[in-house]
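One structure below.
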Amino acid sequence: MKIVFATSNPHKLKELNEITASYGVKDIEFILPPKDFDPLEDGKTFEENSLIKAREASKLTGMISLADDSGLCVECLNGAPGIYSARYAPTPQARIDKLLAAVAPYKNRKAKFVCAMTLTNSDGSILFADRGECFGEIAHKQAGTGGFGYDPVFLVDGKDGLTMAELSEDEKNEVSHRGRALRKVLDFLASQNS
Ligand code: ITT
């Protein structure tokens, strides 16, 4: 079964394929949307933006589509950067630098990654929607080269002071917001086939 993965972010696609394979799912192939896929992400929540992206991909292709809207929510910043994580500053390094500076005055550095996934049918109606979360805190300095985005400054709860970027791909996917959300989607799809 082919499903359009409504993203322009190659890191997300890579992780999606890794998570699907390690979950033992062999009958689903994620394909990218056409080049003119350019949804206006003007929702107020991860869930709304995820639906906007999935629906746009289904509209363009007439196929079942899956979208991932994700980001980092930091307690002392009242949940920022949140749905604006990709737009917090112009480059990945500038985003990390801005985050470390913003969190510096605070003792409470608790944070979570959120991933809202929405699966839409060929007509844009919602087939399934759920979210995954991963808890941790913001490190004082960046470490590690794995993953992408804010991974070098996210200390994962229960991982002995390692950042998400210091975990192996499998270790990240096991605990990540994306892994948790996608396994729920894969369980839903399996339940439809049985
Ligand atoms: P699409 O909308 O095309 O899918 P995007 O990167 O713009 O790609 P989002 O709007 O969902 O996607 O923003 C997600 C941002 O949140 C992403 O660019 C990172 O900055 C951050 N992020 C999400 N998941 C992450 C992860 O696993 N590790 C580190 N940072 C992550």
Most mobile of Asp151, Asp42, Asp69 per a Gaussian network model of the chain (Cα springs, under 10 Å)?
Asp42
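Please report the relative contact order for region 140-194, taking Cα pairs under 8 Å with a sequence separation of at least 6, and give it as a percent rounded to a whole number. Before the final figure, lay out each step's value.
Numbers: 53 pairs, mean separation 14.0, N = 55.
Across region 140-194, relative contact order equals 25 percent.
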With the 8 Å Cα cutoff and a minimum separation of six or more residues, region 1-120 has a relative contact order in percent of 28
Only loop residues by DSSP count here, and only those with at most 14 other Cβ atoms within 10 Å; note down the trypsin sites (Lys or Arg not before Pro) in region 123-194 that meet that.
Lys141
Quick note on Ser191, Ser65, ordering by fewest other C-beta atoms within 10 Å, gives Ser191, Ser65
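Under the definition of Cα pairs under 8 Å and six or more residues apart, what whole-number percent is the relative contact order of region 1-41?
Relative contact order comes out at 59 percent.
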Can you tell me which aspartates and glutamates have their Cα less than 20 Å from the Cα of Lys59? Leave out same-chain residues fewer than eight positions away.
Glu29, Asp36, Asp38, Glu41, Asp42, Glu47, Glu48, Asp68, Asp69, Asp123
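Can you figure out the FRET efficiency of Ala80 with Asn121, using R₀ = 30 Å and their beta-carbon distance, to the nearest 0.05? Before the final figure, lay out each step's value.
On the way: r = 34 Å, r/R0 = 1.12.
In this case the efficiency is close to 0.35.
May I ask you to sort Val175, Val153 by Cβ crowding, counting other Cβ atoms within 10 Å and putting the fewest first?
Details: Val175 19, Val153 27.
Ordered from fewest to most neighbouring Cβ atoms within 10 Å, Val175, Val153 come out as Val175, Val153.
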Taking alpha-carbon centroids only, region 141-176 lies from region 1-44 a number of Å equal to 21
Taking every C-alpha to C-alpha distance in the chain and binning by 10 Å from 0, the per-bin percentages run 9, 37, 35, 16, 3, 0
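For region 129-194, what does the convex hull of the Cα positions come to per residue, in cubic angstrom? If you can, show how the numbers build up before the last one.
Working: hull volume 5.8 nm³, N = 66.
Enclosed volume per residue, from the Cα hull, is 88 Å³.
About its Cα centre, what dipole magnitude does the chain give when the only charges are +1 on Lys and Arg Cβ and -1 on Asp and Glu Cβ, stated in debye to the nearest 20? If you can, show how the numbers build up before the last one.
Working: 24 positive and 28 negative charges, 70 e Å.
Charge dipole of the chain: 340 debye, to the nearest 20.
Restricting everything to alpha-carbon atoms, can you work out Rg to Rh for region 53-92 with a Kirkwood hydrodynamic radius?
Working: Rg = 14.1 Å, Rh = 11.9 Å.
Over the Cα atoms of region 53-92, Rg/Rh equals 1.18.
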Mind giving me the nanometre distance, one decimal, between the label points for Asn17 and Lys98, set 7 Å out from Cα along Cα→Cβ?
3.1
What is the dipole size for region 26-109, taken about its Cα centre, with +1 at each Lys and Arg Cβ and -1 at each Asp and Glu Cβ, in debye to the nearest 20?
340
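FYI, it's all coordinate maths here, none of it is from the lab. Because the structure is predicted, anything quoted here is derived from the model rather than measured. We place every Cβ from the backbone using ideal geometry, glycine too, and count neighbours over all the protein chains shown.
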